[in-house]
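Undergrad: Pasting a structure below so you can have a look.
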Amino acid sequence: MNDVHAAVESRVRDALARETNPTRALESAVGLLRAGVPHYDWVGVYLLDGNELVLGPFAGRSSPHTRIPLGRGICGAAACEQATIVVDDVTTDTRYLACSPDTRSEIVVPIMRDGTVLGEIDVDSDQRAAFGPRDQVLLEEIARLLAEKL
Ligand code: SME
């Protein structure tokens, strides 16, 4: 990770270490990620509720997708596959559910505990192919930290 990613990971780790309330833990992580990495234009958390992903805390433009059925969108695909999905160009991915016309790329990282999906972190960028290995490592670590708080 470069300095930006390392600094954000450290800030989130510090904030979560003293947070016992699950909603506030999610709000802190979302806010610190959005503020700390310039190409993170929208950051949100979806939580699994039955067969739907329900939008929780987010930072950025409001999204029309407040409930996403499993299997729909990039979000639903990542939950079903229990794996991170990176889309370099959302205009070429037929699964993509548009949140903003300005979004160009997206990364979705499942939040898992004991092999079960609890939710996921979704990050959109207005830059094409904005997300690389450093973003994936950072967000997968934050997802692990959040799983301990849910
Ligand atoms: N793009 C997501 C939907 C959520 S919005 O980006 C906030 C998807 O395709 O699942």
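Nothing in this text is a laboratory measurement; each read-out follows from the coordinates by a stated rule. No experiment lies behind these values; they were computed from the predicted model shown. Here the Cβ is made from the backbone with ideal geometry for all residues, glycine too, and neighbour counts use every protein chain on show.
Undergrad: Shape verdict for the chain, please, from the Cα gyration tensor: rounded (a/c under 1.5), prolate (a/b greater than b/c) or oblate.
TA: oblate
Undergrad: Let me ask you something else. Quickly estimate the mean residue ellipticity at 222 nm for the chain, helices only: each DSSP H run with n ≥ 4 gives -39500 (n - 2.57), and the total goes over all residues, rounded to 500.
TA: -11500 deg cm²/dmol, from helical runs alone.
Undergrad: By how many nm would the segment from Asp102 to Asp14 lengthen if fully extended, with 0.36 nm per residue of separation less the alpha-carbon distance?
TA: Net length gain for the segment: 28.5 nm.
Undergrad: Please rank Thr84, Thr94, Thr66, fewest neighbouring Cβ atoms within 10 Å first, as an exposure proxy.
TA: In order of increasing Cβ crowding within 10 Å: Thr94, Thr66, Thr84.
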